[in-house]
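The values are calculated or read from the model by the stated rules, or taken from the named source; none is laboratory data. Note that this is a predicted model, so its numbers are computed, not measured. A quick note on method: Cβ atoms are made from the backbone with ideal geometry, for glycine too, and the neighbour counts reach across all protein chains shown. Protein only, heavy atoms only, side chains kept; ligands, DNA and RNA dropped before computing areas. Shrake-Rupley method; radii C 1.70, N 1.55, O 1.52, S 1.80 Å.
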Amino acid sequence: MRVLITGGQESEMETALKEQLSKNNVYCIVAGKQQKHSEISTLVHNDVYTFLNGMELADILMENQVDCVIHLSNKAITSNSMKDSFEQSEENIACTIEVLEACVQAKVHKIIFPSTIAVYGDIEGAITEEKLLQPVLFGGLSKKIEEKYIQNYHTLYGLSFTILRFPIIYGASSKHMNTESMIESTIKKVIENRPPIVFDDGEQKKHFLYISDAIQAIISSLNNGENQVYNICPKEIYSMKEVVSIIHSSIKEDVLHSLEEGEKSRISTTKAQMDLKWHSRVPFSEGIRLTIKNIKHQAEQINRTLK
């Protein structure tokens, strides 16, 4: 199989995914969107292409005989401003349509799309993939629209897809990233004895998925889950107050306290377990420990470089 990842920003997901694809002997290249006019170029040492539009991306897909596209190009919608959020949403939707058009032109077999559980909004009860989508935030609304475009392209042009609805993904923080997840940011503040930022009252429960579990869901989707949508979530949820407590315990190596269990998640992953043979393997406390270890290792590398 020959895979193209849209991205080119050296994000933690992209880097870890490339490594795992290589281990599975899957041919993989990366294509990133160029904002300014430039010729298509290839950075041979990273296998990274750049493209200006869908036509150029289609050429890259055809040239490399790509079978599957993993679409990681979407940018996180971080602004609370209505105007900024709308503009970021429009940019993400336009990018996805461009990728879909290129896939159709190049006769790519499949697209794998990382979506978000935010598409569900604040609904009650057990949450399966068939639930009505009622997103509250722009991030969820944008993904809902993109999911619909992907499904329509399957209906109109036969482009196969797998949509994976992820929660907050953390772990394996990359030194190349311009931004970091709330988990990495909180860990660094605790390590540096600075007060972590806790939004609202810190009691709202969230899902946190370790990056290796997210990667495994994508890998499993390469040859499974044709034209299906899956929830990819951990079994438990935690408040940010609980997260900070577990981080403190993990740093102090207080094993019993750091193994504190969270509240059971209402999001069902039964479908992913059956079709993709997927389940979350890394408990939250273990993911925190691994992330702390990685952050400390990176800090040591930086200090050695500066000396």
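Things to note:
- Apart from one condition, residue 278 fits all of (1) assigned to a loop (DSSP other than H, G, I, E, B); (2) over 30 Å from residue 152 (Cα atoms); (3) of a type outside the set (Lys, Arg); the exception is (2).
- When segment 100-134 is filtered for residues that are aliphatic (A, V, I, L, M) and either surrounded by fewer than 15 Cβ atoms within 10 Å (Cβ to Cβ) or within 21 Å of the chain's Cα centre (by Cα) (or both), the ones remaining, listed by number, are 100, 111, 112, 117, 118, 119, 123, 126, 127, 132, 133.
- A residue that is closer than 25 Å to residue 223 by Cβ, of a type outside the set (A, V, I, L, M, F, W, C) and in contact with an Asp or Glu (Cβ under 8 Å, 6 or more places away or on another chain) occurs somewhere in segment 88-108.
- The criterion of at least 2 residues that are in contact with a Lys or Arg (Cβ under 7 Å, 6 or more places away or on another chain) and under 29 Å from residue 156 (Cβ atoms) is met, among strands (runs of 3 or more DSSP E) falling completely within segment 182-243, by 228-231.
- Flag if residue 252 is of a type outside the set (Gly, Ala, Ser) and either touching a Cys at 6+ places or on another chain (Cβ under 7 Å) or modelled with pLDDT of 85 or more (or both): no
- Screening residue 21 against (1) at pLDDT 75 or above; (2) out of contact with any helix residue (DSSP H, G or I) (no Cβ under 7 Å at 6 or more places or on another chain); (3) under 18 Å from residue 114 (Cα atoms); (4) open to solvent by 60 Å² or more (accessible area, probe 1.4 Å) leaves a single unmet condition, (4).
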